[in-house]
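Note sheet for the following structure.
Each reported figure results from applying straightforward, stated rules to the coordinates on display, with no laboratory input. Since this is a predicted model, take the numbers as computed values, not measurements. Note: ideal-geometry Cβ built from the backbone for every residue, glycine included; neighbour counts use all protein chains shown.
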Amino acid sequence: MHSWTQRLVAAATTAAVLLATACAAAAALDAFHASDVQAQAHVTKINRFHKQINGNDKVFVFLTAEYENSKNSLNQVSLWDHIIPDKDPANLQLEVKSKYPLIDQGRSLRGKKVQLVLHWHVMPKAGAMIRDRMALSEFKLPDAYTS
């Protein structure tokens, strides 16, 4: 007969192998998961994802304003972010002001073209993280600001 400790070790090993197999299967299935995301955003005023979620993951969605200047070829400013925890609230239809302000600290934004880009990171409990982005619209900031 085996002792209770040997039986406990055998049960724990079996559980660990089953869990590792489930994680490996989830990671392997990520290669066949195609995302179908549609988004639209536009700037209304300048002031001073349903098929993506499969129950295994959360989706981090954020909107950036991207522009170029003489020092950097790519500058990104986060304007808004949201975490989609499950499939129910995945259909986002929002009319919000910028969560984080677009501030011109070094006067490098005056007269610049700014492109709004929607980014999303699918963060599964097991498997590879999927990152993607979609360019939405472009606008030009004024050459002079009014107070």
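Rank by packing, highest mean first: peptides 73-83, 4-14, with packing defined as the count of other Cβ atoms within 10 Å averaged across residues. Can you show the working numbers first?
On the way: 73-83: 14.0, 4-14: 10.0.
Highest to lowest by the protection proxy: 73-83, 4-14.
Skipping prolines and chain starts, which residues have an amide H placed within reach, meaning under 5 Å, of the one on residue 130, given they are 5 or more residues away or on another chain?
Correct list: 122.
How much length is gained on full extension from residue 82 to residue 125, taking 0.36 nm per residue of separation minus their Cα-Cα distance?
On the way: separation 43, 0.36 × 43 = 15.48 nm, distance 1.82 nm.
Computed gain between residue 82 and residue 125 is 13.7 nm.
Taking 0.36 nm per intervening residue step and subtracting the Cα-Cα distance, what contour gain separates residue 60 from residue 144 on full extension?
26.8 nm
Per residue of segment 77-82, in order, report the coupling 6.51 cos²θ - 1.76 cosθ + 1.60 (Karplus, θ = phi - 60°) as ³J(HN,Hα) in whole Hz, putting x for Gly and Pro.
Using θ = phi - 60°, the values come out as 10, 6, 9, 7, 8, 7 Hz.
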